[in-house]
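Step one of this worksheet: look at the structure below.
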Amino acid sequence: MYFVRYKKTFVLGIIFILLSNIGQVYIPQLIKQGINAIEKNAVPEAVLKFVLLIALTSLLAGVFRFLIRQTIIVTSWKIANDLRYDFWNHLQKLSLRFYQNNSTGNIMSHATNDINAVRSFVGPSVMYTIDNGTKFLFVFFIMLSMNPLLTLYALLPSPFMTLVVYYVMSRVHAKYTKIQEKFADLTARAQENFSGIRVIKSYGREDYETENYMYESKEYLKRKMDLVKLQAMFIPVFLVIAGLSFIIVLWSGGIQMIEGNFSIGELVAFYAYLGMLIWPMISFGWVATMIQQAEASMKRLLKILNEPYEIQDSVTTDYNIKEIHGQIEFKNVSFGYAANLPPVLKEINLKIEKGNTVAFIGKTGTGKTSLVNLIPRFYDSTGGEVLIDGVNVKNIPLQTLRKNIGMVSQENFLFSDSLANNVIYGLNGTSDNAIEKAADIAQLSKDVESFPKGFETILGERGITLSGGQKQRSTLARALAIDPKILILDDSFSAVDTNTEEEILRRLKQFMKNRTSIIISHRISTVKDADKIFVVEEGRIAEEGTHEELIELNGIYADLNKRQLLEEELSEMD
Amino acid sequence: MAEQREDEILGKAYDSKLMKRLLVYIKPYKMYVIAAILFNILVAALGPLRPYLSKVAIDDYIMHKDYNGLLLIVGILFASLVIQAVVQYYLTYFTELMGQKIIYDIRIQLFSRVQKLALKYFDRTPVGRTVTRVTNDVDALNEMFSSGVITVFSDIFMLVFIFIFMFSMSWQLTLVTLAVIPLLFYATFLFRKKVREEYRNVRTHLARLNSYMQEHVTGMNVVQMFAKEKQELEKFSSINDDFKNANIRSVFYYAIFFPFVELLSAVSISLVIWYASGEIIQGILTFGVLTAFLQYIEMFWRPVRDLSEKYDILQRAMAASERIFNLLDDNTMIKNPDTPVILQKVRGEIEFNNVWFAYNPGEYVLKNVSFKINPGETIAIVGATGAGKTSIVNILTRFYDIEKGNITLDGIDIRNLNKRDLRKHISMVLQDVFLFSGTIKSNISLGNSDISDQQIYEAARTVGADKFILNLPNKFDEEVKEKGATLSVGQRQLISFARALAYNPQILILDEATSSVDTETEQLIQNAIEKLLVGRTSIVIAHRLSTIQNADKILVMHKGELKETGNHQELLAKRGIYYRLYELQYKDQEITKTA
């Protein structure tokens, strides 16, 4: 399908291949005629004519050769580029579930190695196949026309070359895989050893571990040498087979020459043609294995490219919905990550009024995050309905839905870009005002002053590393900057000290006046002022009410409260 | 990314200091090197011999219609071919073997060096980086040792032999042939230089592309949350295009270079034929010489290209070796004393005297801690997170050294003991149980052949791990996957208890896990702990009420200081820190126990 897009260039490339090969095949003929002319004691000018023609033909062939790479190889890069673009476009539309099931490393390997293998096929493989195929035919017929019998003798050894190359290459692949496996073992061993170094040291097992590693390394060496044994055959066999052809030509051609049926010029031309045939013979075997690899890679790519979009707009999407007010309702919602796993949420029913602040509290792993993830449709519920402003979220255009929700998740992921660009990530276009305002509420302004370049400071690997609290407050600012109708804070203050947290919450109150906020936390201090608090336990709402009501209830929440007071007391002691 | 960048820095191609250190590794294989060079000379001579022989065949035999002479030459040609092939095979094999052996030596040296590094090193270095040093970086040296150093000789000798043969036949024609050689050299090295630049450029764009993808795959939920797919696609597209364009630029150089070399050889052929034509007509030169020269022209180009590739190989090897040597030179170690006190039998008396300790200079996590444990006593350490409990056990085993004060074992400062000796008497059971890939058995014995199978079974039985182990399909030989992923938390703990018991130490350190397990497993663990503590000095970072109640003494840590000492009842009566900790962490266990 990608070929079609560049059909013209490919056809052009093939024409260039033909033209260049005609030129290349013609050169030995010129050499032959030149030498024959010398043999007949021709005047130097006659020889000069051939000599100039050789250089000229070579120049022309060279120009076409240049154009071959500029068409076919360049196109292969273009195709790889298109393929990667489509791959990425596809990735962006895949839901969170896909990313949960596929590691980053795995996805990266598809985007790099597999696309590379496919490119090697469309570029070099195609070029060499056509190039060498036509060259082989040309040379073969010319040799045949010059001296059929000698051609037959000379080419006798060459099929072995293709066979040997194919034999070696196909075995190389298997051996290479074995080496890779052992290398992976070496890596895993080292990884395990360095991660478990405490145990190793405390039981004094350093020497034993080193011995083990020696054993593994030796095995690696053995497997490498296994491959070397095979690969080392390559050059000698090639030497013998190609050399044999030359010797046969010299021998049989020499006899014919003695008999007067063959000239020096023809001998030299034969030598040149044999030289031209060696590479095609090798490359046939080589290309065959390359095609196999490309095939496997394409299969893996297609598997991902055929992965369905789980979450997207559908026929029932109502594009008249242009804005969101913020009333949220869960009706009998249940949810599980996979059919064979136990459900994480069981028949949740709750209603959050527009402009309210509600909080979810509970132990880790009870389903709080899963619950809020259903609101911006990171996942779709497996049962029941999630409604916003009375409309099922599945019927709200995905863009509209997400643009109106500011979510601060636990991972507090920031891009390695400037702080400013991170904060205005959700906005289209810049607005200093938005940055300042968001940073102010998120209590980020003071930190920014201490950064070398203020808001323009680059974060991440190439810049400064933020503390956990700074990261959380930056992601909070990012969520506030889009002016959301619904704000979801998923355990966003865990690394922020209590005083700053209080200040943020105080400022947020003002900001969130007409918006709906949902706060997930483990801390009582964070949730106690919420309009309503839901205590989540094992996928269900166990308790709900205001702080006072829940204390009154003397259940899970009240117990949690008691513990946190004690902890506070303890940390204040000296 | 920082890692990646460090790994991509390519410095000079030659650094005499690094080279000297690298050559040390070749020393044990001196004989290999000498043999390889000799064989290389042989191979380098045999190749250029053949065009010469074909000249002899043409001039001396074909022209004189000597069938037998022709056959003789053909025979010699064939023999030289076979000899060259055989020698070439062994040459490749043995240079590669030498390279691999050197790599092996370096890898093992590096690995065993890392084993000796202090925990401080591991605290500040990501595991992945050290792994890369031991694996990829070492492998990068292979190319230099196997094909780099030695084949340089082969290339040079080959060129020398070609020249010798050519000169012996006709120095005038040699000069004519060589007329294009400077151009070939120049073009090749220019090409290499350009390609190297472009290659670097491609690498930079590739790194950008990869880090973009890496980062955005990781943060895909943020992209989707803010509905930025369209903008991100545009950004991706521009990075993707840059990468494509960089590649297309480097294709350009290849596209120019290869035809240019072919053109050069055609020009050279033309010159040779033209010049030879005059000489042949005058009877100065023979056709045989012309044929031979035409073959030599084809031969030139490979050694020239190979030589220019060596530069890249050397550069990569230098960059890798620099990183390897940096790690080998890392001196983050806790030194053994020069004249260690030899410990024969340990009673297990431990004393901390005014101990101060900091992971980072100035930030003390233990302040003036003093206590004494009598042989056979069990003490429990309690405290909130960050109170300094783990630090106490870390310094007792000399994972870290203290700043001030001293720690004694049976009255001897532990700094006067051999680390290995010290740790032999102390078993540590950590909160995060670390299991190695292998079998259950190997995880209990950790490969120590002094521990018999019988002792392994016994240890497992004592801690009550045998029940679940015997239920596994392969029992004690059941495979343990990486980090013990197939086992439950409780099972993993029981295995680590069995491990500690199998080593039968005089002193036991136990960091109790906080993770909740089902009641049945909990009962198993509690029983196991009781058995573990019998008859040895034990230090327990306690999370279980039962452990605390059974302890001879409880140390209450708070903010790096030892605040309260005593038994459970005494400490409760104090109504201080312990009382609150009890209310917070342990009281519930009482309730569930009675319930």
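Quick note: the coordinates plus some simple rules give every number you see, no bench work behind them. These figures come from a predicted structure and were not determined experimentally. Ideal geometry is used to build each Cβ from the backbone, glycine not excepted, and the neighbour counts take in all protein chains shown.
Considering only Cα-Cα distances, which of the following residue pairs are longer than 26 Å: A:Lys528/B:Lys228; A:Lys303/A:Lys346; A:Lys354/A:Lys509; A:Lys403/A:Lys509; A:Lys368/A:Lys509; A:Lys78/A:Lys182? Table pairs above 26 Å Cα-Cα are A:Lys528/B:Lys228; A:Lys303/A:Lys346; A:Lys78/A:Lys182. Extension gain for B:Lys65 to B:Glu530 (0.36 nm times residue separation, less C-alpha to C-alpha distance): 157.1 nm. Karplus-based coupling profile of region B:244-252, in residue order and whole Hz: 4, 5, 4, 5, 5, 5, 6, 4, 3, with θ = phi - 60° in 6.51 cos²θ - 1.76 cosθ + 1.60 and x standing for Gly or Pro.
Sketch the reach of a paramagnetic label on B:Arg347 as a point 7 Å from Cα along Cα-to-Cβ, and name the residues of region B:366-401 whose backbone nitrogen lies under 16 Å away. Label zone hits: B:372-378. Relative to the current alpha-carbon distance between A:Gln410 and A:Thr465, full extension at 0.36 nm per residue lengthens the span by 18.0 nm.
Summing Lys and Arg as +1 and Asp and Glu as -1 over all other residues whose Cβ lies under 15 Å from the Cβ of A:Val118 gives a net charge of +4. B:Asp306 to A:Gln292: FRET efficiency via 1/(1 + (r/R0)^6), r the Cβ-Cβ distance, R0 25 Å, to the nearest 0.05? After rounding, the FRET efficiency stands at 0.30. Using Cβ point charges alone (K and R +1, D and E -1), the dipole size of region B:171-284 about the Cα centre works out to roughly 280 debye. Toward the positive end of the charge dipole of region B:171-284, with +1 on the Cβ of Lys and Arg and -1 on the Cβ of Asp and Glu, the farthest Cα among B:His205, B:Phe260, B:Ser250 is that of B:His205.
Can you give the translational diffusion coefficient of the protein assembly as shown in µm²/s, computed by Stokes-Einstein from the Kirkwood radius over Cα pairs at 20 °C and 1.002 mPa s? Answer, rounded: 59 µm²/s. Measure nothing fancy, just the Cα-based angle from helix B:287-328's long axis to the longest principal axis of chain B, in degrees from 0 to 90, nearest 10. On a 0 to 90 degree scale, this one is about 20.
At 222 nm, what helix-only mean residue ellipticity would the protein assembly as shown give, in deg cm²/dmol to the nearest 500, using -39500 (n - 2.57) for each DSSP H run of four or more?
Using -39500 (n - 2.57) per qualifying helix, the result is -20500 deg cm²/dmol.
Taking the longest Cα principal axis of chain B as reference, the axis of helix B:16-26 is set at about 80 degrees. Working note: Cα atoms of region B:171-284, range along each principal axis, descending, whole Å: 87, 18, 13. Computed from label points 7 Å out along Cα-Cβ, the spacing between A:Leu163 and B:Tyr186 is 4.9 nm. Listed values for region A:387-403 are Karplus-derived 3J(HN,Hα) couplings in whole Hz (6.51 cos²θ - 1.76 cosθ + 1.60, θ = phi - 60°), namely 10, 10, 6, x, 10, 4, 4, 5, 9, 8, x, 3, 4, 4, 4, 6, 5, and x replaces Gly and Pro. Once the Cα atoms of helix A:264-305 and of chain A are each reduced to a long axis, what angle between those two axes, in degrees from 0 to 90 to the nearest 10, is obtained? Compared with the principal axis, the helix lies near 20 degrees. The charge dipole of region B:16-172, taken about its Cα centre with unit charges on the Cβ atoms of Lys, Arg (+1), Asp and Glu (-1) only, comes to about 1100 debye. Under a straight-distance cross-link criterion of Cα-Cα below 26 Å, which lysines are reachable from A:Lys49, leaving out those fewer than 8 residues away in the same chain? Cα-Cα hits under 26 Å: A:Lys32, A:Lys40, A:Lys135, B:Lys55. In chain A, excluding the sites themselves, the longest stretch lacking any of the GluC sites (Glu not before Pro) that are in a DSSP loop with at most 11 other Cβ atoms within 10 Å is A:1-258.
Average 1/r across all pairs of distinct alpha carbons in region A:412-483, invert it, and you get the Kirkwood radius: 11.7 Å. Over chain B, the alpha carbon radius of gyration divided by the compact-protein estimate 2.2 N^0.38 Å works out to 1.46. The percentage of C-alpha pairs in chain A whose separation is greater than 40 Å is 53%.
I need the Debye-formula profile for region B:445-585: one equal scatterer per C-alpha, no solvent, reported as log10 I(q)/I(0) at q = 0.10, 0.13, 0.21 1/Å, two decimals. Log-scaled intensity ratios, in q order: -0.41, -0.65, -1.31.
In this simple spin-label approximation, A:Asp318 and A:Ile235 carry label points 7 Å from Cα along the Cα→Cβ vector, and these lie 7.6 nm apart.
On a full-extension model of 0.36 nm per residue, what is the gain between B:Arg196 and B:Leu49, subtracting their alpha-carbon distance, rounded to one decimal in nm? 49.5 nm is the gain from fully extending B:Arg196 to B:Leu49. Between A:Leu341 and B:Gln231, the FRET efficiency estimated from the beta carbon spacing at R0 = 45 angstrom works out to 0.80. Since only B:Ile379, B:Thr135, B:Ser80 are under comparison, the one whose Cα sits farthest along the positive direction of the charge dipole of chain B, derived from C-beta charges on Lys, Arg, Asp and Glu, is B:Ile379.
Toward the positive end of the charge dipole of chain A, with +1 on the Cβ of Lys and Arg and -1 on the Cβ of Asp and Glu, the farthest Cα among A:Gln410, A:Leu155, A:Val358 is that of A:Leu155.
Label-to-label distance, B:Phe371 versus B:Leu470, with points set 7 angstrom from Cα along the beta-carbon direction: 3.8 nm.
The Kirkwood radius of region A:519-574, taken over pairs of alpha-carbon atoms, gives through the Stokes-Einstein law at 25 °C and 0.890 mPa s a diffusion coefficient of 207 µm² s⁻¹. Counting only DSSP beta bridges with both residues in the protein assembly as shown, the antiparallel share comes to about 50 percent. Once the Cβ-Cβ distance between A:Leu302 and A:Phe140 is put in as r, and R0 is 35 Å, what FRET efficiency do you end up with, to the nearest 0.05? So the FRET efficiency works out to roughly 0.40.
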